[in-house]
Ligand SMILES: Nc1ncnc2c1ncn2[C@@H]1O[C@H](COP(=O)(O)OP(=O)(O)OP(=O)(O)O)[C@@H](O)[C@H]1O
Ligand SMILES: [Mg+2]
């Protein structure tokens with residue numbers, strides 16, 4: 001478990017001081033994939049560097065599995081860092097070493113016996129899907145393959161935490177998805193805690209359990225991915241969510257046009273298990289009313305599906321109240337857009 005308590009980082013450069021991280025508190029549970037999203041300069045990289053002790057906080061405390069990283073020094077910090085590894089946007093591979101030598105490097109530094117290194121490297125090459133490329137040079141690899149080396153290297157010493165700083169930002173969308181699938185697979189297989197920073201909501205949608213949104217050094221919104229996607233509070237979060245196509249499409253559906261329709265318009269919001277219910281069918285049977293589906297879309301996340309459905313129906317006040325109560329019973333949110 002990672003706990004940040006009131007963390008601030010102020011950089012003093014000459015006579016100007018800059019608050020890169022501003023009073024951030026958050027908790028990452030063991031085995032979680034935790035996303036931190038924000039625009040350039042929001043303080044994401046600074047925050048992630050505080051997690052492995054590469055930066056010291058100006059104020060506050062970072063603990064990883066109970067150990068205080070913010071105050072650790074020397075050998076204690078070195079040992080702690082072996083269990084908190086990192087994957088970088090531009091891979092940071094050693095260009096004069098082969099794939100195998102890159103993966104072996106951190107184990108050599110840690111003094112692992114040679115036979116053990118060989119066995120572990122073979123295992124990691126298999127795990128990240130680089131079999132057949134073990135003797136290639138980094139310059140002979142595609143971006144996705146380079147990042148697979150970066151991930152294998154980061155896993156070499158069996159870390160407790162994997163930090164990813166824009167690990168897919170240099171990759172095309174298809175390769176991004178393959179690397180995200182690999183991270184998800186590693187997380188599920190080893191219950192490895194992953195903290196990843198990104199500026200793409202797609203990355204959060206695809207693999208994260210929780211997300212924090214950063215703006216000007218502060219965490220302005222934080223929560224479970226499904227919750228944040230269905231109920232974004234801050235304009236910046238709404239902007240990020242619009243990156244994911246569902247919301248772009250939803251904008252193409254203009255709710256104001258429903259004012260010309262007769263009767264009642266209800267917007268249904270589903271999350272998780274409520275998406276499995278035959279809700280329109282049940283409402284039709286129960287009330288004998290013809291429901292008109294105006295617009296709808298479901299989106300998949302690592303935690304199940306969420307979606308929205310717009311229905312039109314001509315109903316009395318009493319029928320509408322009953323419909324809303326039925327929806328609530330089924331864990332579906334019903335918002336009345338209009339009712340005449
Ligand atoms: N070592 C440093 N000295 C002075 N200022 C710094 C230092 N590192 C970061 N900053 C400043 O802190 C702020 C946050 O930077 P940071 O790199 O954490 O942002 P980021 O969210 O990772 O951005 P990006 O998406 O571009 O990587 C920026 O204004 C940056 O200029
Ligand atoms: Mg950064």
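The values are calculated or read from the model by the stated rules, or taken from the named source; none is laboratory data. What you see is a predicted model, and the numbers here were worked out from it, not measured in a lab. Here the Cβ is made from the backbone with ideal geometry for all residues, glycine too, and neighbour counts use every protein chain on show.
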- Checklist (1) touching a residue at least 12 places away in the same chain (Cβ under 8 Å); (2) under 19 Å from the mean Cα position of the chain (by Cα); (3) within 16 Å of ligand 2 (Cβ to nearest atom) applied to residue 21, failing item: (2)
- Quickly run through region 194-234 and pick out the residues that are at pLDDT 95 or above and more than 14 Å from the chain's Cα centre (by Cα). 215, 216, 217, 218, 219, 220, 233, 234
- What number of residues within region 40-57 are farther than 16 Å from residue 82 by Cα and near ligand 2 (Cβ under 10 Å from one of its atoms)? 8
- Task: Within region 263-299, track down each residue that is in contact (Cβ under 8 Å) with a residue 60 or more places away in the chain and either closer than 21 Å to residue 340 by Cβ or exposed (fewer than 15 other Cβ atoms within 10 Å of the Cβ) (or both).
- Result: 263, 264, 265, 266, 267, 268
- Message: Which pairs turn up if I take residues in region 39-57 that are at positive phi and assigned by TED's automatic domain parsing to the domain that holds residue 214 and look for partners that are outside any loop (DSSP other than H, G, I, E, B) and within 13 Å of ligand 2 (Cβ to nearest atom) with beta carbon separation below 6 Å, at least 6 apart in sequence or on another chain?
- Response: 43/20; 43/21; 43/214
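Working carefully through the options 77, 26, 4, find the one that is out of contact with any strand residue (DSSP E or B) (no Cβ under 9 Å at 6 or more places or on another chain) and more than 12 Å from ligand 1 (Cβ to nearest atom).
Working: 26 fails: out of contact with any strand residue (DSSP E or B) (no Cβ under 9 Å at 6 or more places or on another chain); 4 fails: out of contact with any strand residue (DSSP E or B) (no Cβ under 9 Å at 6 or more places or on another chain).
Only one candidate qualifies: 77.
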- Item | Output for region 58-69, where each listed residue is within 13 Å of ligand 1 (Cβ to nearest atom) and within 15 Å of residue 2 (Cβ to Cβ) | none
- Message: So for region 69-90 (the condition being crowded, with 19+ Cβ neighbours inside 10 Å and within 16 Å of ligand 2 (Cβ to nearest atom)), does at least one residue qualify?
- Response: yes
- Message: Among the residues that make up region 171-188, is at least one of them assigned by TED's automatic domain parsing to the domain that holds residue 229, within 16 Å of ligand 2 (Cβ to nearest atom), within 18 Å of residue 144 (Cα to Cα) and touching a strand residue (DSSP E or B) at 6+ places or on another chain (Cβ under 7 Å)?
- Response: no
